[in-house]
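Remarks on the structure that follows.
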């Protein structure tokens, strides 16, 4: 067991040597002894930070995706990441190297440079913790506060992608007694669909008012957050919300509400021209669905003859795994 930072040789081998993808905006990147990264970029800058605390497998790529998704949702292009890795005292430099390899692969895929951060072993944690800060550039910041009454509310892909994959892994043995193996295999693969860069590139060039990455609390929580920030209401129709059969089956088996489940990879977009957005997304092979509209009252979900007032509450995955 050990506590503290990696030695210079370990840092070079486990962290710095794993970083290969570069961006022209980054002047000074990750290096031994450098406490700051420097970059140069014209125009508006976006920045977002997120920790990953409840996952261990593919934690590096997930940290990159979650932080980058927030910049994409704001209408920007992420180009720089700062990555902090806190490993338990039972960990090794090899464990950190695995996280770095995973993070670098995703950063390269999204054309982002890991420009620095921090790594250490600590007795304050009992599993790997990764926190990622993403910096991006944008021509315009699409804030959720800009949603307007009369806008259509569009959801991309299917909700619950991230949560479905996490539930399938966490409860695999239990679910394998109830569901087909090919369905569980499909669910586990959904973690590969949790980025939102492509829909952001399409949407920001159309007549939209806001974008919001659907994360903890699911689509119900995301709509509630948007309405609270914008000072408006919304009316969404539960039966219109796109849900994969494997998500529905897993949620039913575990008694989970799919509409309050982690949904990274699905974007909430408001626009006065929803059909134009849906058509353009379709041309690029991205499913997009109109699920409701912005109104002046409160945020509600309508399911048949039932109406639910929406709010923000703990995510279903967290509720189930920490109960």
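The values are calculated or read from the model by the stated rules, or taken from the named source; none is laboratory data. Not measured: the values here are computed from a predicted model. With ideal geometry, Cβ positions are generated from the backbone for all residues, glycine too; neighbour counts draw on all protein chains shown.
The table for this structure:
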{"quantity": "Filter pass, residue 146 being surrounded by fewer than 24 Cβ atoms within 10 Å (Cβ to Cβ) and in contact with a strand residue (DSSP E or B) (Cβ under 6 Å, 6 or more places away or on another chain)", "calculated": "yes"}
{"quantity": "Single condition residue 19 does not satisfy, out of (1) without any contact (Cβ under 8 Å) to a residue 24 or more places away in the chain; (2) surrounded by 11 or more Cβ atoms within 10 Å (Cβ to Cβ)", "calculated": "(1)"}
{"quantity": "Condition check for residue 115: in contact (Cβ under 8 Å) with a residue 12 or more places away in the chain, over 14 Å from the mean Cα position of the chain (by Cα) and surrounded by 24 or more Cβ atoms within 10 Å (Cβ to Cβ)", "calculated": "yes"}
{"quantity": "Hits in segment 118-143 (condition: assigned to a loop (DSSP other than H, G, I, E, B) and surrounded by 18 or more Cβ atoms within 10 Å (Cβ to Cβ))", "calculated": "128, 142"}
{"quantity": "Single condition residue 14 does not satisfy, out of (1) surrounded by fewer than 21 Cβ atoms within 10 Å (Cβ to Cβ); (2) over 23 Å from the mean Cα position of the chain (by Cα)", "calculated": "(1)"}
{"quantity": "Residue within segment 248-264 that is touching a strand residue (DSSP E or B) at 6+ places or on another chain (Cβ under 6 Å), assigned by TED's automatic domain parsing to the domain that holds residue 306 and either farther than 23 Å from residue 190 by Cβ or at pLDDT below 95 (or both) present", "calculated": "no"}
{"quantity": "Where residue 159 falls short, out of the listed (1) in contact (Cβ under 8 Å) with a residue 24 or more places away in the chain; (2) surrounded by fewer than 23 Cβ atoms within 10 Å (Cβ to Cβ); (3) in a loop (DSSP other than H, G, I, E, B)", "calculated": "(2)"}
{"quantity": "Residue in segment 227-241 that is over 19 Å from residue 163 (Cβ atoms), at pLDDT 95 or above and touching a helix residue (DSSP H, G or I) at 6+ places or on another chain (Cβ under 7 Å) present", "calculated": "yes"}
